[in-house]
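Read through the structure below, which is laid out as structure tokens, and then see the notes.
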Amino acid sequence: MSSVYAWYFPYTKLPKFLVYYDGNFNFMIFFPKVCMHSLGELWYRPENFNYLLRKLQLIGALESKNVLPAYNLLDSLTMNIQNVISTRYQLDRSRLLGVLLSTQPCSSSVFSIFGAGKGSCWVPFDMFMENAMDGRHLHAISSVEFLTELSKTLQVLNRATWQETFQALWISGLRLVQRGPEALEGPFPHLYSRLCMLLAIIPLSVATIVKEEVDKLDGGMVSAIKEELVSSLQILVQFSGLLSPPPATVHFANTAARKAAIVLSNLKSGNENLYGYSKDSSAIKAGNMLHLIVEACIARNLIDTSAYFWPGYVVPLEASSQAQESPWSSLTEGSPLVELKDALMVTPASSVAELEKLYSFAVSGSEEEKLAASKVLCGASLLRGWNIQEHVVQIVLKLLSSFLPLDSGSDGRYVQHMPMLHALISGISSVDAVHILSMYGLVPEVAAMLMPLCEIFGSLPPSDHRSCNFEKASVYSVFSSAFLSLLRLWKFHRPPIENALSRHGVFVRSELSLDFLLLLRNSRSALKNLSNVSKSSIFQLDPSLQKPVYIDSFPKLRAWYFQNQACIASTLSTVYNRPNVLHVANNILKIICHKVPKDGILSVNPQSTSNSSMGSSPPPGVPEDMCQWPTLPAWDVLEAIPFVLEAVLTACAHGRLSSRDLITGLRDLADFLPASLAAIVSYFSAEITRGIWKPVMLNGTDWPSPAATLPVVESEINEVLAKAGVNINISSRPRSVMPMLPLPIAALISLSITVKMEEFSHLHGIIGQGIEICATSSSWPSMQIIGALWSQKVRRWHDFIILACSQSPFTRDNTAVSQLIRSCFTSFLGPLVDGRSCYVANRGVADLLGKTLDERARLVVAPGFLYMRSCRLFPDNNFVCEEILKVVIERARALANDCSSERPGHLRSDCMPLSAASSLVEQISSLAATMLCHAGGLNLIRLLYEHILPTLLLSAGEDKLGSAGHVCSLFEGYALAYVLLWSGASIWGVGETSPAYASIYTSKRQRIVDRHLEFMAKVMEGNIVLGCGETTWRSYVLCFVGLLVDFVPAWILEVKLETLQKLASGLRKWHKGDLALSLLERGGNKAVTSVVESLLGYAGAQFSV
């Protein structure tokens, strides 16, 4: 009996090859003509099957002459291939591979009816954008890069069109802006950073995607993705609530609408100057967020001005006023820059030409013009010039880098340009500016530019210096600005506990370090030297700046860096062999402790008397006058400060120095050299972890008292937590007990209260995070006390302080973490009642992350928002992962109960259809995966693949997987498989990624995925004994492999052939030969032989039967 066996492409009727068996032990294998090329090429070239089609037609001719027996499969194959070649072919997505794989796109009505509602499958967009707004944590990679890869991942996993993906991006960005706490004051990124995400980061990500898709498509299909982009913008008019501009952006929205109206008006009147200002009162229009989005897209050539003709785009207002001319127009027409400086600083530039005009002043203008240009560049154009923001950032860095490298060997050039440098560094040091640079992924580059400036200005002695004013340019002010800005870019004050290893050998937290920043910067520079990478890069800096930068090139900075690490790791040594440093420390001690009686004068050398310590002659280069601040380079002062701090803190603890004198002395030291705050914060943070300092009474006499506001602060914190679904008591002390704090925290918080508010924008990144680290590193419950003290100082920051203090319970209390995780799932999917899902009106993204932070009189924080702000502070990421998986399993069992038919006949109509269940599995998995990624990042996902999930599958006991019944076991396996794949895809991407992204994330994918598949293969071979139920294990394996085959075939290409063969063999034992073949066929060229052998073996089995 003759037979024909075909090996198909997935989701298609295209055969990769045919095996014809004539019944007499003779086989003929037919390959397409392109069989020697890469397998991926076959997807895009149907005409390559002409050769195979001719062979099939030859077989058909032989059939008609009775040379070969007739077989109907040949006719159907011929017809299918002809349909493919004639482009009448459509993808067949209905194949389920025997598992519960969702085949419906996210736009399906099922997603709207069940679970979190329509749009829930795009929740990773919303959570990523909200996470990016946390200014306390800077990012090593550009948000443009990450959002681009996330968009490509979600487009694949959600089986969506690019129109749906772009639309989801815009809607998530609009929701981000609406959530902006505009009325909430405090030192955190404000509305401008949220608008940067919507109007700069998202358009740049879309531009990258469009360019990649255009490069893939042929000429006739290029306009298709542009049309999808236009459609995604036009459909936004349906979301009128999201398009309402916040009050601070009404002017910008009206300006964008006015621009469109002017163009239309000038077209109608025949005016050749389309963008010229019109005096017609009807040119004043009602602008909304859509006008800003459209202008951002036009500025990046994503769409053209035909958008102005969209129906309803231009709507006139009854009010009338004349548009004012921009000061940038006056500048380009030749008006003096100095006269326009104040107006230009508050008005963002509108074109690259205007920026280039300003840059020419900064490079070749007078000293006054250079200073003015520097201030203007770091003003409104940097913070609010969203249409050209990437160009502003590039010009600012280009101007800052013009002082580098340090090859000239002359310090005079830096002193000459000190005012300009001071303006540039101060301009990029604000909270919003640092955050914007972080979103563009430029933290490593900025760090590399600040390091030589710190080295130079820290080595220059000041001239007649008594105190440092941030507003005036001096050696100390420039050094302090550059040094504090550099330290804000990496966690210099992390105490030793942050470097502890978990039981699996993974760091508890992955924070930026100086070594990592330099390594990342150097690797990027090497990548940018490649032509294909440099062409696609947003930022193009001078090639001379792409040389590697090493910390050994800066000996003074290197010495302080290692000294700081030594101070964090252990206490100071009592024996120090550098008398110069000890003498400077004694000099500083005498100045800041000038009120101490002479017989009780302090010394950094406890083994020597005060007379011998102070009476010895100073080493060369140290001034004799002990009553004045030393006129020494900043590095020499910083080197002595840890010894000063140890002496004054010890003296205060033993009663030899009053608390007032301690704080006054520290304040004088900070006024003399603001950079010393970094050493103070680092030293105090490290001392907290040692647990050797007794607490002090905050009685209002020796130390400030929080008693007046502490009960109110604690009550409001409890209220915020309760509304987020966390019910705990944050105060463990009786009301009658006087508040206390460990001495280093009390000293640091008291010092922070003395900081002038006009200086706080420069110092908050150092002091604020230092206080947070001290509070979270200590076992003493102190955050609410700190919040009460600070709320007394700055009442308008009250809500910000309450929000910051509400995150402190999650730093040490796993019960609070567990409640918050469950609250996130409840707000997104609805509650569980008696083991079944309960659908409520308030669910989805809006209930998870909230609409606004200040929509009521009292502060209301959504559980998802609180999770995103505190997830990096969780004490145990293993616990977080295990708790999230527990919730996923509970939800999966509830779905099984909802789908169960074991009910009375009159209730069976309430059973959930399987299509709805599959969509809900995706919603649960997308939320769980996103929460995991933001809590632990790459390290936690690695643990999930290599340890946590295998351990869960191997664990036995009463609550083991698969113990709740057959249907529940099926859903458990499906849900875990989805979580695993979504987690990995969210971090690593679904296919090839950009070089910068791959260097941090995707490069780890191959080893981790291969190890997990190897674990699965060993279990299937019987080498590892499972603890979970067989049904759960089978559903997990089939679903995970099916998801790999359908959504991330690029992962399979990276897996070792031996692992694929073992896994395919196990699948065939389960009678899943189709899935085994689908797995092997995606193994690339290395797996072709295995596929042929498998297919021939299958044919032999069929013949024997």
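The values are calculated or read from the model by the stated rules, or taken from the named source; none is laboratory data. Owing to the predicted nature of the structure, the values given are computational and were not obtained by experimental measurement. A quick note on method: Cβ atoms are made from the backbone with ideal geometry, for glycine too, and the neighbour counts reach across all protein chains shown. When the accessible area is computed, the model is the full protein with side chains, heavy atoms only, and any ligands, DNA or RNA have been set aside. Shrake-Rupley method; radii C 1.70, N 1.55, O 1.52, S 1.80 Å.
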Self-check item: Filter result for the condition that a residue is assigned by the TED database to the domain that holds residue 1032, modelled with pLDDT of 90 or more and farther than 27 Å from residue 811 by Cα, over 957, 973
Solution: 973
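Conditions (1) surrounded by fewer than 24 Cβ atoms within 10 Å (Cβ to Cβ); (2) among the hydroxyl-bearing types (Ser, Thr, Tyr); (3) over 27 Å from residue 1086 (Cα atoms); (4) within 31 Å of the chain's Cα centre (by Cα), marked per residue:
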| site | (1), (2), (3), (4) |
| --- | --- |
| 983 | no, yes, yes, yes |
| 987 | no, no, no, yes |
| 1011 | yes, no, no, yes |
| 1020 | yes, no, no, no |
| 1031 | yes, yes, yes, no |
| 1066 | yes, no, no, no |
Exercise. Of the numbered conditions (1) over 18 Å from residue 851 (Cα atoms); (2) in contact (Cβ under 8 Å) with a residue 24 or more places away in the chain, residue 175 fails exactly one; give the number of that condition.
Key: (1)
Quiz item: Across the stretch 428-477, what is the total count of residues that are more than 23 Å from the chain's Cα centre (by Cα), of a type in the set (D, E, K, R) and part of a helix (DSSP H, G or I)?
Solution: 1
Practice problem: Check the stretch 696-703 and report whether any residue there is out of contact with any His (no Cβ under 8 Å at 6 or more places or on another chain), more than 23 Å from residue 795 (Cα to Cα) and open to solvent by less than 30 Å² (accessible area, probe 1.4 Å). | Solution: yes
Quiz item: Among the residues of the stretch 247-265, is any modelled with pLDDT of 90 or more and assigned to a loop (DSSP other than H, G, I, E, B)?
Solution: no
Quiz item: Looking at residue 632, is it part of a loop (DSSP other than H, G, I, E, B), out of contact with any strand residue (DSSP E or B) (no Cβ under 9 Å at 6 or more places or on another chain) and at pLDDT 85 or above?
Solution: yes
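So, of the residues in the stretch 791-814 that are over 29 Å from the mean Cα position of the chain (by Cα) and under 22 Å from residue 747 (Cα atoms), which turns out to be surrounded by the most Cβ atoms within 10 Å (Cβ to Cβ)? Talk me through it step by step, then tell me what you get.
Here is the first cut: in the stretch 791-814, the residues over 29 Å from the mean Cα position of the chain (by Cα) are 791-796.
Cutting the leftovers down to under 22 Å from residue 747 (Cα atoms) gives us 791-795.
Values: 791: 24, 792: 17, 793: 15, 794: 16, 795: 11.
Top of the filtered list is 791.
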Quiz item: If you check residue 115 against the conditions, is it closer than 24 Å to residue 381 by Cα, modelled with pLDDT under 85 and not in a helix (DSSP H, G or I)?
Solution: no
Practice problem: Give the residue that is most open to solvent (accessible area, probe 1.4 Å), with candidates limited to residues of the stretch 233-242 that are in a helix (DSSP H, G or I) and touching a Leu at 6+ places or on another chain (Cβ under 8 Å). | Solution: 237
Exercise. Kindly indicate which of 843, 836 is at pLDDT below 85, surrounded by fewer than 19 Cβ atoms within 10 Å (Cβ to Cβ) and at negative phi.
Key: 836
Quiz item: Is it the case that residue 224 is open to solvent by less than 40 Å² (accessible area, probe 1.4 Å) and either in contact (Cβ under 8 Å) with a residue 12 or more places away in the chain or outside any helix (DSSP H, G or I) (or both)?
Solution: no
Quiz item: Would you call residue 107 modelled with pLDDT under 85 and in a helix (DSSP H, G or I)?
Solution: no
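Does residue 640 satisfy being open to solvent by less than 10 Å² (accessible area, probe 1.4 Å), under 24 Å from residue 563 (Cα atoms) and in contact (Cβ under 8 Å) with a residue 40 or more places away in the chain?
In short, yes.
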